[in-house]
């Protein structure tokens, strides 16, 4: 007990010191906190015994939906504690050239993510996801939710949630994908990874080869930054830069997000989702400033694995509708659409360098995004702010939790006036792994 008391006193002194001294390096802040919690605990001293670490086995008897992605990850437990931890790391090298101009060789640690989960009691659990991006330059709490199961079809979730729009926003872990870059439509049209404070219900049921699931949430929302940003266009990801969205809603009205998904073991999974709400501050202290302006998003996603060939197909497409004020120029579009299709074909599965069932894959991603759907009012000409890309890839998986990726990206992007597109091409080599 005296050792525990000393640990608590040490932690309290550390917290007081951190509060009185402003450390500019955010990575150092997190390191000190983790060191304080883990570095002086009796549990850490006991960690030299590797038998204390137990990998939680996945339940492969039950079919999974995309909505299960937040818990469908490898976790480690320590001894008999109710807490499990995990995470993943993504890093890569790339050499890209746009219209003959290049920034040269680039080495990137794109993100490291930590998971912490806890079985609080029977049918009550907690999970958090903390992401460190660009070597710790950006740190975000992407998910921190309490889940309470009342019945398989009725479960409560509250805290910081990931809005279930499309499939990628929830199922975004790097080790699950064969490509270095995340889909353009998911990150530069939709704001993946998009999370907010909120709560709602979800559930699923299955019978035979069929499974159905749903999610419905009320949460924090978008703000005026989606039409007032450095991109000078309608840009939903700009709202992620507002940390106040976890504490207050710009419009005072919640964002509504809902999804339905159905899966057949022999056919695949189809998901339909919606996200929408008022984004602007339309009144202040009872004074009407503007009409209520909405942002609405519809998305469809599908994934399947072709029998015998084991070819995996993953697809997502989304439509964005934004009520832009008439005083804005047409470079701020009121409609957007885009999506991607991934095709992954295993070509070799065998023991390679001592790894059993290691897999070599060929893959290709086709993607397209149009940030401004429509025509100019004055000329009737097409507004051409769009991008398309093809990414052939080779991936090697020594285990399902680790992937080495070799990609070639070819990208064509047009400006709003439809001038000849800028062309980007280059190689990317990287890896992603759970730990």
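The values are calculated or read from the model by the stated rules, or taken from the named source; none is laboratory data. In this text the structure is predicted, and so the values were computed from the model without any measurement. So basically every Cβ, Gly included, is an ideal-geometry build from the backbone, and we count neighbours across all protein chains shown.
Quick look at the values:
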item	result
Whichever residue in the stretch 244-270 is within 17 Å of residue 313 (Cα to Cα) and more than 21 Å from the chain's Cα centre (by Cα) and, among such residues, is surrounded by the fewest Cβ atoms within 10 Å (Cβ to Cβ)	266
Selection within the stretch 94-117 - surrounded by 12 or more Cβ atoms within 10 Å (Cβ to Cβ) and either farther than 24 Å from residue 174 by Cβ or outside the structural domain of residue 152 (by TED's automatic domain parsing) (or both)	97, 98, 102
Test result for residue 276, assigned to a strand (DSSP E or B), over 16 Å from residue 218 (Cα atoms) and assigned by TED's automatic domain parsing to the domain that holds residue 334	no
Selected residue [within 30 Å of residue 364 (Cβ to Cβ) and assigned by TED's automatic domain parsing to the domain that holds residue 373] from 282, 302, 199, 246	302
Residue list for the stretch 303-329, restricted to those being more than 28 Å from the chain's Cα centre (by Cα) and either farther than 30 Å from residue 293 by Cβ or in contact (Cβ under 8 Å) with a residue 60 or more places away in the chain (or both)	307, 308, 309, 325, 328
Any hit, the stretch 261-268, residues being at pLDDT below 95, farther than 23 Å from residue 155 by Cβ, touching a helix residue (DSSP H, G or I) at 6+ places or on another chain (Cβ under 9 Å) and assigned to a loop (DSSP other than H, G, I, E, B)	no
Strands (runs of 3 or more DSSP E) wholly inside the stretch 125-220 containing at least 2 residues that are more than 18 Å from the chain's Cα centre (by Cα) and in contact (Cβ under 8 Å) with a residue 40 or more places away in the chain	154-162, 195-207, 210-219
Test result for residue 349, over 24 Å from the mean Cα position of the chain (by Cα), surrounded by fewer than 18 Cβ atoms within 10 Å (Cβ to Cβ) and at pLDDT 95 or above	yes
Some residue of the stretch 167-185 being surrounded by fewer than 21 Cβ atoms within 10 Å (Cβ to Cβ), at pLDDT below 95 and touching a strand residue (DSSP E or B) at 6+ places or on another chain (Cβ under 8 Å)	no
Any hit, the stretch 336-353, residues being in the same structural domain as residue 181 (by TED's automatic domain parsing), part of a loop (DSSP other than H, G, I, E, B), in contact (Cβ under 8 Å) with a residue 40 or more places away in the chain and over 29 Å from residue 161 (Cβ atoms)	yes
From the options 430, 374, residue that is at positive phi and either in contact with a strand residue (DSSP E or B) (Cβ under 6 Å, 6 or more places away or on another chain) or surrounded by fewer than 19 Cβ atoms within 10 Å (Cβ to Cβ) (or both)	374
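Results for (1) in a loop (DSSP other than H, G, I, E, B); (2) in contact with a strand residue (DSSP E or B) (Cβ under 6 Å, 6 or more places away or on another chain); (3) more than 30 Å from residue 69 (Cα to Cα), shown as yes or no for each residue.
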{"site": "86", "(1), (2), (3)": "no, yes, no"}
{"site": "91", "(1), (2), (3)": "no, yes, no"}
{"site": "95", "(1), (2), (3)": "no, yes, yes"}
{"site": "104", "(1), (2), (3)": "yes, no, yes"}
{"site": "108", "(1), (2), (3)": "no, yes, no"}
{"site": "113", "(1), (2), (3)": "no, yes, no"}
{"site": "116", "(1), (2), (3)": "no, yes, no"}
{"site": "119", "(1), (2), (3)": "no, yes, no"}
